[in-house]
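Following: one structure in structure tokens, then a few remarks.
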Amino acid sequence: METSPPPHTTTASYLGDAHYTSLPDGHSSPVSPRRPLRGFAVILTSVVFLVSLVALIVSQSQQPLDAAEGGRGPLSTSKTTSFSDSSRPVARGVAEGVSAKSNPSFSGDEVSYNWTNAMFSWQRTAYHFQPEENWMNGPLYHKGWYHLFYQYNPDSAVWGNITWGHAVSVDLIHWLYLPIAMGPDHWYDWNGVWTGSATVLPDGQIVMLYTGDTDNYVQVQNLAYPANLSDPLLLDWVKYSGNPVLVPPTGIAPKDFRDPTTGWLGPDGKWRVTIGSKVNKTGISLVYTTTNFTTYELLDHVLHAVPGTGMWECVDFYPVSINGTTGLDTSANGPGLKHVLKASLDDTKLDHYALGTYFSENDTWVPDNPVEDVGIGLRYDYGRYYASKTFYDPKKERRILWGWINETDTETDDLEKGWSSLQTIPRTVLFDNKTGTNILQWPVEEVESLRLSSTDFDGVLVEPGSVVELDIGTATQLDIFADFEIESLGSNETDEIDGGCNGGAVERRSLGPFGLLMKEGIYIYICLVSLSTKATGVFKQIYGSEVPVLDDEKYSMRVLVDHSIVESFAQGGRTVITSRVYPTEAIYGATRLFLFNNATGLNVKATLKIWQMNSAFIHPFPLDQI
């Protein structure tokens, strides 16, 4: 049945990514931390009774922060571009029947900016997983190692020739590259070894179902398994001789049948797998049953369908405990849990999810709130994020979420620098039993092992119209926690939140914006956001969402900064925004950190803890030493 937010919540809206102007020369003297500088942190959150927005931006302009007329400064005149813009060249992947995998340049083979090697080098992340070079996109745990299999082009930094790259880790942070696990070498996967999922059987066997694009561009499902299950590294894989094990059923187009999920065991002893597809404009998840993963029976009804959502890719389906603090195996079912159904929407390139009830007796799933059904309601991430996948970690009893983040510069830029796209920091997934309406995502605890020195700022007062510099170090690799408290100055002015803060951080209203910014770097503030850079071909997008805030909670946020990727977690992970940034000047040591308050009717008090972050060890596995 339909539910409403608890009456004791404030809905705060927070955005990631916006145009900003540079600071005035006359900003205040730096505020020193409470303890000797050992790192630094940054964070913010939303406030006010209606909605506030959080911004993540990169500034390259030279306008003053203080506004001319009525406290308003110059607005951004950058045209917001979209991958779905019909005037752009066709993106890679579309012709093959999958979602767009590139940001084609308007100018053909020209790069979007006169990038230097130093700029490209700065963009590469230090503690997020990405291949050594070229292009990327079913994780599992086996004999002490976390395994990540990812779509990879060994020949180029653009999508194509998709093989399965392979890497292992003991902690989900430090990774070792292994040889390619599987390549397109049979007729049933000749045009690509695409997305798949691993299922670990009760006896320890591992079966891997994956989508292959045939030599005739038909999407089929194939089976593979380890050649040597006793090998902790799972170096060698065997493709089943009877592949493909599934072909598009009657009524499903040959390019609309892909991305099998991890299997779950039903009460009848049969395994279930769901696969994304569509019928006309209705997104659907087909359900197959099997006892051996080589022969299957298609059910005469779907797990779920949502009209108007288009093709569903990378469907995921898993249980979450209503009151527990640990994750659940994919086959768990019964009282005390809900099921998450997630789909990556091919039409919008967004990952949507919904909470609901799974009825194992007829293999159907019903959302708790039909208004927030799959594809029309909640999202995993309101920024740059797609093609996500979870797996159950038996070692620490947790559900781990991976997400693929592609570039927002042009594919010509990617070819120039020689690499493209990366994975988010793995996130744990739990049910939010405070709101009862969403999940919580949080970086895995292992990322904290990268923390170096930290800096604390306690109760820094930022008055209306002021900018306060924070005395910190470099701002390239950070883990930031921040709380904001506000004090009304008695203004009777009412903001029209629905209109947004179209002036970005320079716009002045009674309730904001306010927040944190870095000189010629990443800006995070409460109001609207968009990505600004001198590189005209970079994809620019405004990101935002509402965040439930309970009566007993402060406005809080955590931000992970790693060169060109920024992951922001509001209110303990109720809402997440991931952004890519491509500064042309704010690289290496050229960034300063400030608090600002452009509200006219309130004081802001900020408390921050900021860690500098070490780099992760991500290198080839020394196979010659084993």
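Taken one residue at a time, the phi angles of the range 189-201 give Karplus couplings (6.51, -1.76, 1.60, θ = phi - 60°) of 9, 4, 9, x, 8, 9, 4, x, 9, 9, 10, 9, 7 Hz. Gly and Pro are set to x. Along the charge dipole of the range 447-493, Cβ charges K/R +1 and D/E -1, which of S449, I486, I472 sits furthest on the positive end? Comparing the listed Cα positions along the dipole, S449 ranks first.
Number of Lys pairs in the range 119-443 with C-alpha atoms less than 16 angstrom apart, excluding same-chain neighbours closer than eight positions? For the range 119-443, the number of qualifying lysine pairs is 10. Ordering T326, T211 by the number of other Cβ atoms within 10 Å of each residue's own Cβ, fewest first, gives T326, T211.
Among the trypsin sites (Lys or Arg not before Pro) found in the range 545-614, those both in a DSSP coil and sparsely packed, with 16 or fewer other Cβ atoms within 10 Å of their Cβ, are K554.
As a rough footprinting exposure proxy, the listed residues Y217, Y177, Y358 were ranked by other beta carbons within 10 Å of their own, and the order from fewest upward is Y217, Y177, Y358.
Proximity of backbone amide H atoms, modeled 1.01 Å from N, is registered between L489 and L602, N603 at under 5 Å, excluding neighbours fewer than 5 places apart on the same chain.
Taking other C-beta atoms within 10 angstrom as a stand-in for reagent exposure, E485, E445 fall in the order E445, E485, fewest first. The trypsin sites (Lys or Arg not before Pro) of the range 271-309 meeting both criteria, a DSSP state outside H, G, I, E and B (loop) and at most 15 other C-beta atoms within 10 angstrom of the site's C-beta, are K281. Rounded to the nearest 20 debye, the dipole magnitude of the range 357-401 is 460 debye, with +1 charges on Lys and Arg beta carbons, -1 on Asp and Glu beta carbons, and the Cα centre as origin. Each Cα pair of the range 119-443 feeds into the Kirkwood radius, which the Stokes-Einstein equation turns, at 10 °C and 1.306 mPa s, into a diffusion coefficient of 80 µm²/s.
No lab work stands behind these numbers, since they all come straight from the coordinates. Nothing here was measured: the structure is a model prediction, and the numbers come from that model. With ideal geometry, Cβ positions are generated from the backbone for all residues, glycine too; neighbour counts draw on all protein chains shown.
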